Amino acid sequence: MSDTPTFASSITTASGPTEGPVMLADLSHLAKLVVKTTPARPAGLGPVFGSSEVVGEALVCGSRPGEWLVLGSEQSVEEVVAGLAAHIVDLTHGRALIQIAGESSAATLEKLCSLDWTDRMMPDGAVASASVAKVSCDVIRHDHEGRPAYLVAADRSFGQYLYEAFADAAAEFATT
């Protein structure tokens, strides 16, 4: 078995607090593949634009029409795309991935992004692209153990900046 945690177990093995109103975890170590199809080959990975689903041990996100972001361990993402007739680009080392979770995670994101974070507009499994703290990001709602949780993917060069922006925005929700 690989030392790299699978997507399903990476949330519980990520460093940082495991309880609280807002929890941040850097999941940038997970593999990140972008899969693109062409109009001549419209069949893709399943989830439609704006939604996501767990496939095996990977999370497959319909990030744009004809484009999917696949997240997980290297082995799990390779299993998802094996034999697929599509353009596949490995962005593992070029993208940061931050998880923001907990009862106040949506309120924290509201401070940094103008999306409607209510359950009606951003339910579990939803995928959106938006400006978060003035950075172009892909945001995936992927609840964990009954708690709201969001995955935010952006260019790696913005990783530290975004992590600090989330921490600052979440400060008012910290328990004392």
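Structure above, values below:
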read-out: The listed residue being closer than 23 Å to Lys36 by Cα and in contact with a helix residue (DSSP H, G or I) (Cβ under 7 Å, 6 or more places away or on another chain), out of Leu91, Leu84, Leu71; value: Leu71
read-out: Matching option when the condition is more than 18 Å from Leu30 (Cα to Cα) and in contact with a His (Cβ under 9 Å, 6 or more places away or on another chain), among Gly102, Gly83, Gly125, Gly66; value: Gly125
read-out: Which listed residue, of Glu57, Glu78, Glu74, Glu103, is modelled with pLDDT of 90 or more, touching a strand residue (DSSP E or B) at 6+ places or on another chain (Cβ under 6 Å) and over 22 Å from Ala154 (Cβ atoms); value: Glu57
read-out: Residue that is surrounded by the most Cβ atoms within 10 Å (Cβ to Cβ), among those in the range 125-176 that are modelled with pLDDT of 95 or more and basic (Lys, Arg); value: Arg141
read-out: Arg95 being in contact with a strand residue (DSSP E or B) (Cβ under 8 Å, 6 or more places away or on another chain), under 25 Å from Tyr163 (Cα atoms) and surrounded by fewer than 16 Cβ atoms within 10 Å (Cβ to Cβ); value: no
read-out: Scan of the range 129-176 for residues that are assigned to a strand (DSSP E or B) and under 10 Å from the mean Cα position of the chain (by Cα), ordered by number; value: Cys137, Asp138, Val139, Ile140, Arg141, Ala149, Tyr150, Leu151, Val152, Ala153, Ala154
read-out: Condition broken by Val48, with the remaining ones in (1) at pLDDT 90 or above; (2) closer than 19 Å to Ser129 by Cα satisfied; value: (1)
read-out: Top-ranked residue in the range 107-118 [being touching a residue at least 24 places away in the same chain (Cβ under 8 Å) and more than 14 Å from the chain's Cα centre (by Cα); ranked as surrounded by the most Cβ atoms within 10 Å (Cβ to Cβ)]; value: Thr108
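Every residue, every condition in (1) under 24 Å from Gly146 (Cβ atoms); (2) small (Gly, Ala, Ser); (3) touching an Asp or Glu at 6+ places or on another chain (Cβ under 8 Å), yes or no:
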{"site": "Val70", "(1), (2), (3)": "no, no, no"}
{"site": "Glu74", "(1), (2), (3)": "no, no, no"}
{"site": "Ala82", "(1), (2), (3)": "no, yes, no"}
{"site": "Ala85", "(1), (2), (3)": "no, yes, no"}
{"site": "Leu91", "(1), (2), (3)": "no, no, no"}
{"site": "Ala96", "(1), (2), (3)": "no, yes, yes"}
{"site": "Ala106", "(1), (2), (3)": "yes, yes, no"}
{"site": "Asp116", "(1), (2), (3)": "yes, no, no"}
{"site": "Gly125", "(1), (2), (3)": "yes, yes, yes"}
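The values are calculated or read from the model by the stated rules, or taken from the named source; none is laboratory data. Since this is a predicted model, take the numbers as computed values, not measurements. With ideal geometry, Cβ positions are generated from the backbone for all residues, glycine too; neighbour counts draw on all protein chains shown.
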